[in-house]
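Peer 1: The structure is given below, and queries will be raised subsequently.
The values are calculated or read from the model by the stated rules, or taken from the named source; none is laboratory data. All of these numbers come straight from a predicted model, not from anything done at the bench. FYI the Cβ positions are ideal-geometry reconstructions off the backbone, even for glycines, and counts take in every protein chain you see. Side chains included, ligands, DNA and RNA excluded: accessible areas come from the protein's heavy atoms. Shrake-Rupley method; radii C 1.70, N 1.55, O 1.52, S 1.80 Å.
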Amino acid sequence: MAASAGAATAAGGAPLPPADQSLVDGVLARQRRALAKSITLIESTRRDHQERAQQVLGALMPHTGRAIRIGISGVPGAGKSTFIEALGTYLIDRGHRLAVLAVDPSSSVTGGSILGDKTRMETLCQREEAFIRPSPSAGSLGGVAEKTREAMLLCEAAGFDVIIVETVGVGQSETAVAGMVDMFCLLQLPNAGDDLQAIKKGIVEIADMVVINKADIDPRAAQVVRAQWKNALHFLRHASPHWAPPVLTLSALHKEGIVEFWEQVLAYRDALTPSGEFEAKRRHQARAWMWNLIDSGLRQFFRHHPAVQADLPGLLDQVDAGRTTPTAAAYRLLGHLQAPPAPNIAAGSASADASPL
């Protein structure tokens with residue numbers, strides 16, 4: 001990949017400022033510092049930083065989309081970090097470049113996060129072909145950072161051909177991750193109580209592969225769980241007519257089953273590509289992402305609307321006291337967003353003609 005694509009342009013065709021052009025050139029030149037600074041820029045909540053970030057991302061968009069995107073989720077303790085390190089080492093040894101976007105849970109009290117994935121992937125961190133970026137979830141849905149999608153695009157522009165998004169595996173994080181990756185993989189454990197609890201949450205319907213990790217601890221239990229999952233998947237309608245989600249057993253600690261896992265990833269891509277389903281899935285995700293951003297933007301606009309801010313405290317008191325219903329209060333607040341009626345031009349002209357002036 002070339003180190004630079006020439007001078008990028010901002011909206012309206014104007015050249016990017018030197019600082020932003022430097023970021024674009026650095027990312028395309030596969031400079032880790034430039035990539036890290038670009039991700040920090042898109043994660044910033046400052047309005048001026050957001051404007052700059054979108055210009056940088058827009059300049060890099062032609063260089064994205066060439067990686068395979070894999071989502072890894074599972075209950076805490078399922079061995080996600082160990083599995084990713086084993087998989088990443090295997091891929092790098094075979095010429096791939098790997099980016100891991102590991103989303104850490106933010107504290108609901110302080111807003112801080114541990115960001116400990118780099119300490120759990122010690123071997124992978126030392127590889128020049130790997131880039132690990134822990135990001136705080138900052139309270140976004142399901143523990144998936146709002147900017148993870150854009151960070152994924154930046155990593156692709158920097159030449160990483162395998163992108164892994166690891167999530168905390170709680171709440172609705174599985175759905176959020178599945179909506180931004182090509183293949184969603186669910187890690188499970190043998191001897192973890194009710195091994196099919198995930199079915200009750202509807203996770204099976206979005207899983208493209210189920211992996212029973214730590215199979216070395218109790219091989220017999222792992223096979224029992226594998227059979228349970230295979231039976232459950234057999235009775236469900238899969239998202240793709242071209243793919244039946246497999247169930248694998250492996251031991252990430254002993255690096256057993258890693259080859260088979262990657263073979264299934266490649267088989268998945270090969271199965272969906274000829275029909276156009278692979279690219280269609282990405283287009284659908286991009287549209288859904290746009291509407292999610294619109295919903296988020298409208299919510300922020302609503303909360304900061306002057307009339308809403310003025311009316312909200314009193315309405316909250318009325319709802320708390322039972323003097324009005326939540327529905328009535330909601331409709332009243334939403335009414336503040338309605339544009340004033342357009343003036344009747346014809347009536348205005350008639351009035352003007354009838355004026356004694």
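Peer 1: As an exercise, use a Förster radius of 45 Å and the Cβ-Cβ distance of H49 and E256 to find the FRET efficiency, rounded to the nearest 0.05.
Peer 2: Step by step, r from the Cβ atoms, then E = 0.50.
Peer 1: Express the carbon and sulfur contribution to the solvent-accessible surface of segment 209-259 as a percent, rounded to the nearest whole number, probe 1.4 angstrom.
Peer 2: 56 percent
Peer 1: Can you give me the % of accessible surface on segment 39-91 that is carbon or sulfur? Probe 1.4 Å, all protein chains present, nothing else counted.
Peer 2: The nonpolar share, carbon plus sulfur, comes to 53 percent.
Peer 1: Here is a follow-up. For V247, what charge total do you get from the other residues with a beta carbon under 11 Å from its beta carbon, if Lys and Arg give +1 and Asp and Glu give -1?
Peer 2: That sum, taken over residues with Cβ under 11 Å, equals +2.
Peer 1: I would also like to ask the following. Can you work out the FRET efficiency for the pair A227 and R282, with r the C-beta to C-beta distance and R0 = 41 Å, to the nearest 0.05?
Peer 2: 0.75
Peer 1: Just to be sure I understand the model, the point goes 7 Å from the Cα along the line to the Cβ. What's the resulting A328 to Q309 distance in nm?
Peer 2: So the label points at A328 and Q309 sit 2.7 nm apart.
Peer 1: Multiply the residue separation of A244 and W289 by 0.36 nm, subtract the distance between their alpha-carbon atoms, and state the gained length in nm to one decimal.
Peer 2: 13.6 nm
Peer 1: Something else about it: Once the piece of chain linking D270 and Y90 is laid out straight, how much longer is it, given 0.36 nm per residue of separation minus the C-alpha distance between them?
Peer 2: Value of the extension gain: 62.8 nm.
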